[in-house]
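Shown next, in structure tokens, is the structure this report addresses.
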Ligand SMILES: [Zn+2]
């Protein structure tokens, strides 16, 4: 797969390819952006292009794309190139059989300091075997704990000659400032909804479910693919429950908040779905067609007729506040209840 198959990432890909064309890769990159938009693929492509011996290879500079066919390209794709390393969480590595945790410790979700030391003290201290450029991909870089990040600082500032480090992260702000400042940032954008929708439909999802999953994906294809039919119908049921609550039955709000606040992730999913639904309510009030949640149209139109656009906007704002509170680790049942009180009693 060449760079051109990465969709809707022209700026990020353009920056990497320009560096390849000039034959001057930076010594440390930080590829940041939402999950599932192609950052990991871009890191692999960068390693391949930097070592490609295919028809695009040049004496001056590097090929600006990987051929995917030559021996180095194939070795890198298989993870067997001696000069291209992938550093992942211990648990993932252990499962894939490529990394045995030392001393019988339980594999963790973190990239630990021993892994970074092994990289710095052993693997990077050796001469390159066959590649033109040694590439170390750390994915996800934010899995490095603080000690691991500190152990990487010196190498990040001044890697051995011919070495490029590529840090991949969907939450780059979780990294130490000293790490971020030593890397060249390359920002990956959320994927546009139509691209996600097209992928889901091509993968065989029914259009209605695909539309809903695309709307809820936050621009992340992997997240959209993770929303199966069951998860979607649960969310839709929760949304219908919230949308049919009225000012008159405070008892039901409390029960609703308890039930749906049980699982943080589901609560956040409900909040995101509600945001889309309020947008639909506003569209209906403006007399527009093309609701995102077409199958909820009757409920949406009833709500649109019952309240003013200003009120719909206000309730949408309270829904945004719910999501903010959940991000800041507020207790989910309480946060949902507060939103409902705001909807029906606030001014
Ligand atoms: Zn190649």
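None of the figures in this text is laboratory data; all of them are computed from the coordinates on show. These figures come from a predicted structure and were not determined experimentally. Cβ atoms come from the backbone with ideal geometry, glycine included; neighbour counts cover every protein chain shown.
When a/c reaches 1.5 or more, the comparison of a/b and b/c decides; with that in mind, is the chain rounded, prolate or oblate per its Cα gyration tensor?
It is prolate, given that a/c is not under 1.5 and a/b is the larger ratio.
Stretched out fully, how many nm does the piece from residue 246 to residue 129 gain, at 0.36 nm a residue minus the Cα gap?
Computed gain between residue 246 and residue 129 is 35.2 nm.
Report the extension gain between residue 114 and residue 174 in nm, rounded to one decimal, defined as 0.36 nm multiplied by the number of residues separating them, less their alpha carbon distance.
The residue 114-residue 174 span can extend by a further 19.6 nm.
What order, most packed first, do the peptides 5-12, 159-166 have when packing is the mean number of other Cβ atoms within 10 Å of each residue?
Packing order, densest peptide first, comes out as 159-166, 5-12.
What's the exposure ranking of 339, 126, going from fewest to most Cβ atoms within 10 Å?
Starting with the residue having the fewest Cβ neighbours, the order is 126, 339.
In deg cm²/dmol and to the nearest 500, what is the mean residue ellipticity at 222 nm of the chain if only DSSP H runs of at least 4 residues count, each as -39500 (n - 2.57), divided by the residue total?
It lands at -16000 deg cm²/dmol.
Can you tell me the 0 to 90 degree angle between the C-alpha axis of helix 39-51 and the longest principal axis of the chain, rounded to 10?
Helix 39-51 sits at roughly 20 degrees to that axis.
How long is the gain from residue 121 to residue 331 if the chain were fully straight, where each residue apart is worth 0.36 nm and the alpha carbon distance is subtracted?
Full extension from residue 121 to residue 331 adds 71.2 nm.
Let's test the formula: R0 of 51 Å, r as the Cβ-Cβ distance of residue 187 and residue 259. What FRET efficiency results, to the nearest 0.05?
For residue 187 and residue 259, the calculated efficiency is 0.85.
Can you give the angle from 0 to 90° between the axis of helix 229-243 and the longest principal axis of the chain, with both taken from C-alpha atoms, to the nearest 10?
Helix 229-243 and the main axis of the chain meet at about 40 degrees.
Suppose a student asked you for the relative contact order of the chain, using Cα pairs under 8 Å spaced at least 6 residues apart; what percent would you report?
Once normalised by length, the contact order is 17 percent.
Could you check the spin-label model distance between residue 202 and residue 320? Points 7 Å from the Cα along Cα→Cβ, value in nm.
According to this spin-label approximation, the distance is 3.4 nm.
For helix 207-216, what angle does its Cα long axis make with the longest principal axis of the chain, in degrees from 0 to 90 and rounded to 10?
Compared with the principal axis, the helix lies near 80 degrees.
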